[in-house]
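Enquirer: Please read through the structure below; I'll follow up with questions.
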Amino acid sequence: FSSISFVNDNETNCRIQYNDLKYNLGMPDLFSTGLYYNNAQTGPQNLQGNDWIGDFNRGALYQQGPGTYSYCNSLYHVSIGANVGNGVNPVVQGSMQVCGDWFTVLEVTEDDFLCLQAAPPPNAIEKNQADLNLAGGGTLNLSPGYKWSSEMGLYRKFTENPGLATGDAVINGFIQALQGQPIAAMYAVRNGINGIEGSVAPALLNNIQNTMAQLETNSANLLVLLESIDTDPNALASFTTLSVQTAALEQLFQSYLASASNSMALSATSLSNANYSINATTLPTTAERYINGLYLETQIIAPRVLTALELQAVQQIGMNCPKDAGNVVYLARAWYYLQTGIILDADCASFVPPLNGAERNAQIVPAEGITFMPNPADGYVEISLPATIREGSVLLTDMWSRLLLQQKITESDGGIVMTIPTDDVPNGIYLISVITKSGSRLTHKLVITH
């Protein structure tokens with residue numbers, strides 16, 4: 001239908017940058033829209049460095065339904081090179097409201113942005129008509145989830161950029177009205193979670209990084225010495241000495257990690273208490289409070305695998321519609337997928353035709369198709385693979401996302417039981433993942449105790 005679609009989006013700082021929007025010549029004209037906005041409350045504020053490739057029937061299409069808001073001239077930017085609104089790829093507006101100069105066209109053609117290049121400087125955060133409309137009562141007619149999301153976005157934007165609110169009675173009134181309310185309290189919890197690693201002393205983080213770098217160097221040197229033992233009479237003694245030093249470094253590294261985990265756990269405990277003190281009685285506040293608390297308790301304070309009841313609660317949150325439960329729905333769906341490999345997809349009466357089940361799940365490995373045993377593990381863990389998985393990799397990472405072990409799945413491995421050694425892996429909680437050739441991934445928590 002379109003390269004990029006926005007439906008009931010409430011954010012005011014969206015960025016669509018450095019995309020190639022290509023018209024598929026095999027599609028009928030109805031499906032040749034570059035950017036599609038359907039009741040998009042604000043849409044993206046900056047379109048930068050995008051290329052429209054080919055002649056779309058509609059470069060950008062804006063449709064608005066009764067009782068909804070639209071925001072004209074809200075700092076939409078498109079470069080000349082993007083050829084939108086130039087007659088070849090025209091901007092088409094719906095019948096509800098004429099936006100006039102919907103896009104503000106920049107006077108220079110922007111360069112393409114290629115992968116692996118240094119990221120360009122971000123667009124300056126600016127106040128626009130969408131902010132004023134939302135802050136001045138524009139959220140009152142929105143559904144609970146969209147109201148929560150848009151108010152949280154505005155509160156974040158003007159709390160983090162106070163200069164934008166200077167002298168603005170509407171914005172300042174909006175911010176003041178939310179003080180002491182769930183939005184402000186949840187914003188503080190979100191910020192605390194995002195900055196949880198900041199609770200670790202800089203000196204300790206420096207020790208962790210330096211020790212990890214030294215361990216990597218030692219590992220490389222040990223491999224070199226091991227290969228030369230048969231030819232170098234001094235290699236064995238050097239290998240033994242370096243092995244002892246490396247073992248001591250590993251113990252020191254584990255102690256550093258334990259100290260960092262303790263610091264983060266203390267901070268997370270304080271955040272958890274603040275989270276559960278938020279006055280939450282209805283969606284979306286109840287759902288977000290539960291997800292935040294569950295994350296803090298099971299991933300930082302005392303890391304463990306989610307129980308069946310907790311996973312069921314995450315699933316129930318993920319099955320809500322964003323218009324009812326806000327952005328936490330997407331977080332719950334992502335978490336559920338990481339735990340089970342299953343995509344949650346609630347039917348929220350979207351204008352987009354839903355994919356049929358077979359197509360949607362074509363790249364997803366069913367959770368019941370792979371088993372990890374034993375868990376907790378001691379010297380090994382066995383992975384039972386279904387016959388449908390013939391190529392891929394098994395990864396074992398720690399909670400800091402460091403890769404500890406990788407084992408390739410060959411075509412002949414489909415339908416067999418793979419054994420992954422864990423003798424040399426220290427006690428702790430890890431993530432073990434099966435990644436198929438098609439890119440699907442199933443991840444489980446693995447507890448190792450010796």
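Enquirer: Where in the range 127-222 are there helices (runs of 4 or more DSSP H), lying wholly inside it, with at least 3 residues that are surrounded by fewer than 18 Cβ atoms within 10 Å (Cβ to Cβ)?
Expert: Per the criteria, 144-160, 169-178, 182-194.
Enquirer: Now for a separate question. Quick one: how many residues across the range 323-338 are open to solvent by less than 20 Å² (accessible area, probe 1.4 Å), touching a residue at least 60 places away in the same chain (Cβ under 8 Å) and assigned to a helix (DSSP H, G or I)?
Expert: 2
Enquirer: Go through the range 239-257 and count every residue that is closer than 16 Å to V224 by Cα, open to solvent by 40 Å² or more (accessible area, probe 1.4 Å) and touching a helix residue (DSSP H, G or I) at 6+ places or on another chain (Cβ under 6 Å).
Expert: Of the residues in that region, 1 qualify.
Enquirer: Could I ask something else about it? Could you please let me know if A308 is more than 16 Å from A184 (Cα to Cα) and open to solvent by 40 Å² or more (accessible area, probe 1.4 Å)? Before the answer, list the steps.
Expert: Working: more than 16 Å from A184 (Cα to Cα): yes; open to solvent by 40 Å² or more (accessible area, probe 1.4 Å): yes.
Yes: the conditions hold for A308.
Enquirer: Continuing with this model, one more query. Can you name every residue in the range 258-291 that is exposed (fewer than 14 other Cβ atoms within 10 Å of the Cβ), within 26 Å of C321 (Cα to Cα) and hydrophobic (A, V, I, L, M, F, W, C)?
Expert: Those that are exposed (fewer than 14 other Cβ atoms within 10 Å of the Cβ), within 26 Å of C321 (Cα to Cα) and hydrophobic (A, V, I, L, M, F, W, C): none in the range 258-291.
Enquirer: For L296, state whether it is touching a helix residue (DSSP H, G or I) at 6+ places or on another chain (Cβ under 8 Å), among the hydrophobic types (A, V, I, L, M, F, W, C), at pLDDT below 90 and under 26 Å from H444 (Cβ atoms).
Expert: Criteria not met by L296.
Enquirer: Could you tell me whether T443 is modelled with pLDDT under 80 and either farther than 21 Å from M319 by Cα or of a type outside the set (A, V, I, L, M, F, W, C) (or both)?
Expert: Answer is yes for this residue.
The values are calculated or read from the model by the stated rules, or taken from the named source; none is laboratory data. Bear in mind that the values here come from a model prediction, so they are computed numbers and not experimental data. Note that each Cβ is placed from the backbone with ideal geometry, even for glycine, and that neighbours are counted across all protein chains shown. Please note that ligands, DNA and RNA were not included when accessible areas were found on the heavy atoms of the full protein model with its side chains. Shrake-Rupley method; radii C 1.70, N 1.55, O 1.52, S 1.80 Å.
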